[in-house]
1. Mind running the shape call on the range 101-192? Use the C-alpha gyration tensor, a ≥ b ≥ c as the square roots of the eigenvalues: rounded below 1.5 for a/c, prolate if a/b tops b/c, oblate otherwise.
2. If you average 1/r over all unlike Cα pairs in the range 33-155 and invert the result, what Kirkwood radius do you get in angstrom?
3. In the full protein assembly as shown, how much of Leu262 is accessible to a 1.4 Å probe, in Å² to the nearest 10?
4. Round to a whole angstrom and tell me the spacing of the C-alpha centers of the range 106-171 and the range 54-89.
5. Please get the size of the charge dipole for the range 40-150, origin at its Cα centre, with Cβ charges of +1 on Lys and Arg and -1 on Asp and Glu, quoted in debye to the nearest 20.
6. Once you order the gyration tensor axes a ≥ b ≥ c over the Cα atoms, which shape class does the range 16-95 get: rounded for a/c under 1.5, otherwise prolate or oblate by comparing a/b with b/c?
7. Based on the Kirkwood radius over alpha-carbon pairs, what value in µm²/s does the Stokes-Einstein equation return for the translational diffusion coefficient of the chain at 37 °C and 0.692 mPa s?
8. Could you please state how large a percent of the accessible area of the chain is carbon and sulfur, counting protein chains only and using a 1.4 Å probe?
Amino acid sequence: MQAKLIVAVHDPLLSTLPLGVSHSDQSFSLNPLVLADAIPEVFSRGNHGNQPNVDFPCADFSLTALGQLPVVASRQTPSIINEDETGKTSTLAICLAGDEVEYREGQYQVKIRPKSAFLNPRHGGTATTGYLSGIYCQIDHERLNTTIRTINPEKTPISLDKPFLLEGSRSSRITSFFSFIDSLLAESQALPDTLCLDDTLYRMLALSLLEEETTERYSFSNINKNWNWKLDHLIDYIRANSHLPLSMTDLERVSNYSSRQLQYSFKAKLNCSPMQFVRSQRLSNALAKLQSKEPGTTVASTARECGYRSTQHFSRDFQNRFGMNPSAVLRHNSSL
């Protein structure tokens, strides 16, 4: 999607609402009628209409990405949305501010209040909105259930063919998460795309659906003094695959331990978190590559081959770890 600046807002009420991700450099305005056509990777197909009493229909948007997951923040004038799409995805809608949203699907009817989240399977419901500020993304059912089973292996798959309303602490964690995303964008547009934050969102949503802060398969006393062969296997796995976009969900799946157990064990044994250990392996591999004098080696290629999506992020981590820029290491060894 080609980025352009938000145009002037004609409706004074719309301009009073916050734009949930305000620091994205991809911002634009459009008529709510064309939402699905303009952003099909987030919004479902169907009939998107404006309320008849709206003189200046408008939707302001900002677009960002969490890894491979597109995310849209918006504020829009009153609309009526009829969804009609089959598939294995749901729309996650976080209502930040504005009026309540009425949602109907068959006998199911619910009012979605500000500061709540709504997971909607996109296959026939009707949403009637007022002035609304929200954040939206598309959630893959298979990936979400895989995340749920990784967190709690004894949990049977959750049926995601029905809507879920998340309120209170179950929605506030997700709302706070997107405030954090916006602060990252203010620092660097590349950061949200490089930190596996799509995995973090799936984990938070999975925990919300499980209705508890964390789930454990084993007690800490069953980790055999905090370390055993499964964790040795995990260390070997990280060393062999640190060039891949590893996430906590990947480490849970390989080790069959929960995130909390891994955090506890790595801290006790290695004095770092699991993801800090992943980063340490990437940087050690990068240092060796920069010192190898291999023809064609560049800082950008080294960052890419060692698991970094952003050269800027890689250079910053390298400087913090070794006290010098990767380009300086490369120049020094090229001159020898």
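The values are calculated or read from the model by the stated rules, or taken from the named source; none is laboratory data. Worth saying up front: this structure is predicted, and the values here are computed from it rather than measured. So basically every Cβ, Gly included, is an ideal-geometry build from the backbone, and we count neighbours across all protein chains shown. Note: accessible area is taken over every heavy atom of the protein model, side chains too, but ligands, DNA and RNA are not part of it. Shrake-Rupley method; radii C 1.70, N 1.55, O 1.52, S 1.80 Å.
1. Details: a/c = 2.01, a/b = 1.12, b/c = 1.80.
Oblate shape, in that a/c is at least 1.5 and b/c is the bigger or equal ratio.
2. Values: mean 1/r = 0.0661 Å⁻¹.
Computed over the range 33-155, the radius equals 15.1 Å.
3. For Leu262, solvent-accessible area is about 0 Å².
4. Their Cα centres are 15 Å away from one another.
5. Numbers: 10 positive and 12 negative charges, 71 e Å.
Dipole of the range 40-150, to the nearest 20 debye: 340 debye.
6. Working: a/c = 1.97, a/b = 1.08, b/c = 1.83.
The shape class here is oblate.
7. Values: Rh = 22.0 Å.
This corresponds to a translational diffusion coefficient of 149 µm²/s.
8. Details: 7970 of 16070 Å².
In the chain, the share of accessible area belonging to carbon and sulfur is 50 percent.
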